[in-house]
1. Here is a check on your reading of the model: is residue 43 assigned to a strand (DSSP E or B), in contact (Cβ under 8 Å) with a residue 40 or more places away in the chain and either crowded, with 17+ Cβ neighbours inside 10 Å or in contact with a Leu (Cβ under 9 Å, 6 or more places away or on another chain) (or both)?
2. Sort out which residues of region 117-148 are within 16 Å of residue 107 (Cβ to Cβ), out of contact with any helix residue (DSSP H, G or I) (no Cβ under 7 Å at 6 or more places or on another chain) and among the hydroxyl-bearing types (Ser, Thr, Tyr), and write them in order of number.
3. In region 1-17, how many residues are in contact with an Asp or Glu (Cβ under 8 Å, 6 or more places away or on another chain) and either under 30 Å from residue 81 (Cα atoms) or without any contact (Cβ under 8 Å) to a residue 12 or more places away in the chain (or both)?
4. Does region 22-34 contain any residue that is outside any loop (DSSP other than H, G, I, E, B), among the basic types (Lys, Arg) and surrounded by 10 or more Cβ atoms within 10 Å (Cβ to Cβ)?
5. With the requirement that a residue be among the charged types (D, E, K, R) and either assigned to a strand (DSSP E or B) or surrounded by 10 or more Cβ atoms within 10 Å (Cβ to Cβ) (or both), what does region 2-21 give you?
6. With (1) without any contact (Cβ under 8 Å) to a residue 40 or more places away in the chain; (2) buried (at least 17 other Cβ atoms within 10 Å of the Cβ); (3) in contact with a Cys (Cβ under 9 Å, 6 or more places away or on another chain) as the list, and residue 75 as the residue in question, which single condition is left unmet?
7. Can you tell me which of 49, 93, 28 is in contact (Cβ under 8 Å) with a residue 12 or more places away in the chain and either of a type outside the set (D, E, K, R) or more than 23 Å from residue 117 (Cα to Cα) (or both)?
8. When you scan region 57-113, how many residues do you find that are in contact with a Leu (Cβ under 8 Å, 6 or more places away or on another chain), part of a helix (DSSP H, G or I) and among the aliphatic types (A, V, I, L, M)?
Amino acid sequence: MDDKVIDSRLSKEGDMIRRRRECTHCLRRFTTYERVEETLPLVIKKDGRRENFDRNKILAGLHKACEKRPISVEVLEKLVDRIEQRLQESGEREVPSRVVGEQIMQELQNLDEVAYVRFASVYRSFKDVNEFMNEVKELLEKGQKKKE
């Protein structure tokens, strides 16, 4: 319970402080990590349930959408970081899952069109091939406008 700080360093990302400490009684040294506690809004599901924001759940969905695509885990983690940051900055206590899903789709659309369509097909629960084709057509039209 009685210790002193010997050294403090900021992590490379700047989101955590690493402290080397020493017990004043037994002189044993140990390391602690301090991180700012960030509060994320609750996610309101379609059926009205509320869940904590789950970074790992989003990453799992992204990994499936990006399977066999040339996208690194680091890129996906940064994508989720951006979404988390936007949610924190919004200051909202609750956010509809639709908002989170649309942010993911926007990020994927800019990252990889195949991954975007894969994610959209699950997220939007396409009922048939026509809905799927309409999404692809919209994507192609947006891509065409970007080229012009």
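1. Criteria met by residue 43.
2. none
3. So the count comes out to 2.
4. So far as region 22-34 goes, yes, one or more of its residues are outside any loop (DSSP other than H, G, I, E, B), among the basic types (Lys, Arg) and surrounded by 10 or more Cβ atoms within 10 Å (Cβ to Cβ).
5. Restricting attention to region 2-21, the residues satisfying the condition of being among the charged types (D, E, K, R) are 2-4, 7, 9, 12-13, 15, 18-21.
3, 4, 7, 9, 15, 18, 19, 20, 21, listed by residue number.
6. All conditions are met except number (2).
7. Values: 49 fails: in contact (Cβ under 8 Å) with a residue 12 or more places away in the chain; 28 fails: in contact (Cβ under 8 Å) with a residue 12 or more places away in the chain.
Going through 49, 93, 28 in turn, the sole match is 93.
8. Start the filter on region 57-113 by keeping residues that are in contact with a Leu (Cβ under 8 Å, 6 or more places away or on another chain), which leaves 59, 62-63, 65-66, 71, 75-77, 79-80, 84, 87-88, 93-95, 100, 104, 107-109, 111, 113.
Filter again for part of a helix (DSSP H, G or I), leaving 59, 62-63, 65, 75-77, 79-80, 84, 87-88, 100, 104, 107-109, 111, 113.
If we keep only those that are among the aliphatic types (A, V, I, L, M) as well, we get 59, 62, 65, 75-76, 79-80, 87, 100, 104, 108, 111.
Here the count works out to 12.
Rule-based calculations on the coordinates, nothing more; no lab input. Note that the coordinates shown come from a computational prediction; the quantities given were computed from them, not determined experimentally. A quick note on method: Cβ atoms are made from the backbone with ideal geometry, for glycine too, and the neighbour counts reach across all protein chains shown.
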